[in-house]
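Sharing a structure here in structure tokens format.
The values are calculated or read from the model by the stated rules, or taken from the named source; none is laboratory data. Since the model is a prediction, treat every value here as computed from it, not as a measurement. Virtual Cβ from ideal backbone geometry, glycine too; neighbours counted across all protein chains shown.
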Amino acid sequence: MAARKGYDAGLAVGAEAEVMAMKRLVINADDFGWSEAVTEGILGAHLRGIVTSTTLMANLEGAEDALARARQEAPTLGIGLHLTLTEGRPLAPPAEVEALVDGGGRLRRSLAGLFCGVRRSRRIRQAVARELEAQAAWAHDHGLKITHLDSHKHVHLHPALLPEVIALARRHGVRAIRTTVETDLPNLGRLLPKQWRMRERVAQWVRARVARRWGRAAQRAVRQAGLVTTDWFFGVRATGGLSGALLCHLMTHAADGTGEVMVHPGLLEDRRARTTRLAESRPRELEAVEDPAVRAAAEARGWRLVTFEELTRE
């Protein structure tokens, strides 16, 4: 009888461990290196909050400092590469990426222009490939073991760009890529910022639907290539609108499996540095990911907070 009880107890422990293994969550802070305020916020979000991972914008001026600070202050923070084609200056030789830059030598900020160009122009596709390679090479030269690839404004998921990103991952030994299979949550609209007008809510909903469609196709392609990605993703619908209450809701209602939550924490920047719509929301998102109630909700539901590197080892 005692042996039977021990056997049953062993089965229970094993079953519990299996369930825990199926509930893994990467909390990724985008835009590492965007500015001192963003870098500071992301480091704090890891040290005091639930952020496990970040992605570095290698072509921005703050990238080198962000990487150095992470090594010194947050050695357990997973760091991937936030591929960038619409912000900052290119890292590739100017003559090789002339099709991507404006008169001032900066990457053009138009998503529509980029997407139209990569569909229609072989020259632009070649310039994109050269710039992506230059960003990955910069990371390699600075000693970064890239945990995964994602991109600014999710450009890597465009059907004309994804094959090049998969090839880039293979060349550089990167084993994971973000895919944006945006998950639905019940009653999510009630938790989005009350100040968001209907037009903004609809725009976010449309972005999330496009991200989901591209994300599903990308998920299949990434897995067929033998690389790792998550089962689901959350963040597009609520970009700029995350709160502690919303994250607790997510922890409670998200499906089991492996998920990624995209966040954008940061400190409040100087007004002159506020170049995106996220400038005002970053401090609120920092407060959300540092909220003890969010960690408690994750623990109550059995979520194991991990990095992409941990996913590739399992």
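Could you please find all residues in region 247-274 being farther than 20 Å from F308 by Cβ and surrounded by fewer than 20 Cβ atoms within 10 Å (Cβ to Cβ)?
Passing the criteria: H249, T252, H253, L267, L268, D270, R271, R272, A273, R274.
Could you give every pair whose Cβ atoms fall below 6 Å, whose first residue belongs to region 23-43 and is touching a residue at least 12 places away in the same chain (Cβ under 8 Å) and of a type in the set (G, A, S), and whose second residue is in a strand (DSSP E or B) and buried (at least 24 other Cβ atoms within 10 Å of the Cβ), counting only separations of at least 6 or pairs across chains?
So the pair list comes out as A29/T54; A29/V263; G33/L56.
Further question on the same structure: Considering only residues that are surrounded by fewer than 23 Cβ atoms within 10 Å (Cβ to Cβ) and either charged (D, E, K, R) or at positive phi (or both), which ones fall in region 22-53?
If the condition is that a residue be surrounded by fewer than 23 Cβ atoms within 10 Å (Cβ to Cβ) and either charged (D, E, K, R) or at positive phi (or both), then K23, R24, E36, E40, R48 are the ones that fit.
Among the numbered criteria (1) over 17 Å from the mean Cα position of the chain (by Cα); (2) within 30 Å of R123 (Cα to Cα); (3) not small (G, A, S), which single criterion is violated by M57?
It is condition (1) that M57 fails.
Restrict the check to region 181-201 and report whether at least one residue is within 23 Å of A63 (Cβ to Cβ) and not in a helix (DSSP H, G or I).
Checked region 181-201: no residue is within 23 Å of A63 (Cβ to Cβ) and not in a helix (DSSP H, G or I).
Quick one: is L188 more than 17 Å from the chain's Cα centre (by Cα), closer than 22 Å to R282 by Cα and not acidic (D, E)?
yes
For region 100-113, which residues satisfy the criterion of being of a type outside the set (S, T, Y), at pLDDT below 95 and over 18 Å from E61 (Cβ atoms)?
G103, R108, L111, A112, G113
Same structure again: Failed condition for R178, given (1) closer than 18 Å to V236 by Cβ; (2) surrounded by fewer than 13 Cβ atoms within 10 Å (Cβ to Cβ), with all others met?
(2)
Also: May I ask you to list the residues in region 198-251 that are among the aromatic types (F, W, Y) and either more than 21 Å from R170 (Cα to Cα) or at pLDDT below 95 (or both)?
Hits for region 198-251 are W205, W232, F233, F234.
Starting from region 168-196, keep only residues that are on the phi > 0 side of the Ramachandran plot, then list their pairs with residues that are among the aliphatic types (A, V, I, L, M) whose Cβ atoms are within a distance under 7 Å, requiring at least 6 positions of separation or different chains.
Final answer for the pair search is none.
Let me ask another. Test A169 against the stated conditions and say whether it is part of a helix (DSSP H, G or I), at pLDDT 95 or above and either touching a Lys or Arg at 6+ places or on another chain (Cβ under 8 Å) or among the aromatic types (F, W, Y) (or both).
So A169 fits the description; yes.
What number of residues within region 58-97 satisfy the criterion of being of a type in the set (S, T, Y) and surrounded by fewer than 21 Cβ atoms within 10 Å (Cβ to Cβ)?
Matching residues across region 58-97 total 2.
Does L286 qualify as being assigned to a helix (DSSP H, G or I), at pLDDT 95 or above and either in contact with a Lys or Arg (Cβ under 6 Å, 6 or more places away or on another chain) or farther than 17 Å from K23 by Cα (or both)?
Answer is yes for this residue.
Within the set of pairs 6+ apart or on separate chains, which have a first residue in region 287-306 that is among the acidic types (D, E), a second that is assigned to a loop (DSSP other than H, G, I, E, B), and C-beta atoms under 6 Å apart?
So the pair list comes out as E290/G49.
Shifting gears a bit: Somewhere in region 119-135, is a residue within 30 Å of E310 (Cβ to Cβ), in contact with a Phe, Trp or Tyr (Cβ under 7 Å, 6 or more places away or on another chain) and not polar (S, T, N, Q)?
Taking every residue of region 119-135 in turn, none turns out to be within 30 Å of E310 (Cβ to Cβ), in contact with a Phe, Trp or Tyr (Cβ under 7 Å, 6 or more places away or on another chain) and not polar (S, T, N, Q).
Considering region 124-161 alone, what residues qualify as being farther than 18 Å from A92 by Cβ and surrounded by fewer than 19 Cβ atoms within 10 Å (Cβ to Cβ)?
Listed by number, the residues that qualify are G143, K145, K153, P159, A160.
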